[in-house]
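Structure record follows, encoded as structure tokens.
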Amino acid sequence: MGRHKQHKPRRPQGESGQPTTEWFGTVFHSTEGMQHLDVRQSGNGVLITSAPAEIDGVPAAWPLRLRNEDDGQGLNELGAALAAGQGHVRVVSEGPGHRTVLAFMPNQPEDGLATLARVRTSGGPDGDVVFERSAERPMGLWAEAGENLLRIVPLLGPDAPPADELEDCQLCPGCYRLVYESSSSHTLVGASLMPVFGLCRLCAEGTTLRSLRQADVPVDAQQLAVLETVAAALA
């Protein structure tokens with residue numbers, strides 16, 4: 001198992017000093033590079049995005065929409081479980097002979113890791129168990145995600161739009177985190193002729209490159225070129 005180094009993002013604050021409806025954090029894995037976790041309001045619900053996650057055995061981004069269908073009870077229970085590092089199961093759908101659940105599963109305590117997974121079971125207690133989606137992150141990052149989920153839930157209301165469709169997003173060119181249309185993103189015009197746009201806050205501030213150098217984790221050449229361009233513009 002590879003080694004994680006966690007970057008603790010600042011607690012999100014709006015101009016008024018109140019918590020915003022978006023939080024994200026990044027960890028640095030010794031073999032898999034940067035791993036991101038986002039929590040944000042999505043209409044009258046919450047969107048948790050793990051990038052990358054394992055989807056049918058292939059690394060990809062996992063945007064998980066959780067609707068607020070019970071006056072916040074289910075979301076608060078999940079947020080409390082993440083914050084406390086306690087196992088939690090939430091039924092997503094059921095049918096004859098099968099069930100799909102969202103499960104938060106702390107690993108062995110000495111690992112300091114936990115997994116959020118969408119799991120499908122069929123055929124009763126002895127039937128097949130299929131992990132359709134899964135994201136493993138350090139317990140501390142899940143705890144921050146849970147704390148911020150709990151901050152967002154009271155802001156959800158019946159007048160919020162249903163968010164039937166996921167909003168547009170793009171990859172931050174510096175770290176490959178999904179940056180949503182309503183996220184704060186940045187355009188950098190440096191010495192090069194081409195501007196760098198769609199940067200997440202950590203990349204725009206130079207934090208990502210500093211953390212990568214400290215952690216000594218893999219990063220592809222295109223990402224590194226973007227981050228070095230940012231560093232040159234900030235110098």
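Hey, what's region 37-162 come to in accessible area per residue, 1.4 Å probe, Å²?
47
Test of understanding: extend the Cα→C-beta vector of VAL129 to 7 Å, then name every residue of region 30-62 with backbone N under 20 Å from that spot.
So the set is 54-58.
With a 10 Å radius around each residue's Cβ, average the other Cβ atoms per peptide and rank 55-62, 98-105, highest first.
98-105, 55-62
Expected output is a single nm value to one decimal: the length gained when fully extending between LEU166 and THR187, i.e. 0.36 nm times separation in residues minus the C-alpha distance. What is it?
5.3 nm
From the Cα gyration tensor of region 52-114, with a ≥ b ≥ c the square roots of its eigenvalues, which class applies: rounded if a/c is under 1.5, or else prolate if a/b is larger than b/c, or else oblate?
oblate
Could you work out how much longer the chain between ALA235 and ARG90 gets when fully extended? Use 0.36 nm per residue separation minus the Cα distance between them, nm to one decimal.
47.4 nm
Using packing as a proxy for protection, rank 68-75, 202-209 so that the peptide with the highest average count of other Cβ atoms within 10 Å comes first.
Order by mean packing, descending: 202-209, 68-75.
The values are calculated or read from the model by the stated rules, or taken from the named source; none is laboratory data. Not measured: the values here are computed from a predicted model. Ideal geometry is used to build each Cβ from the backbone, glycine not excepted, and the neighbour counts take in all protein chains shown. Heads up: the accessible areas ignore ligands, DNA and RNA and are worked out on the full protein's heavy atoms, side chains in. Shrake-Rupley method; radii C 1.70, N 1.55, O 1.52, S 1.80 Å.
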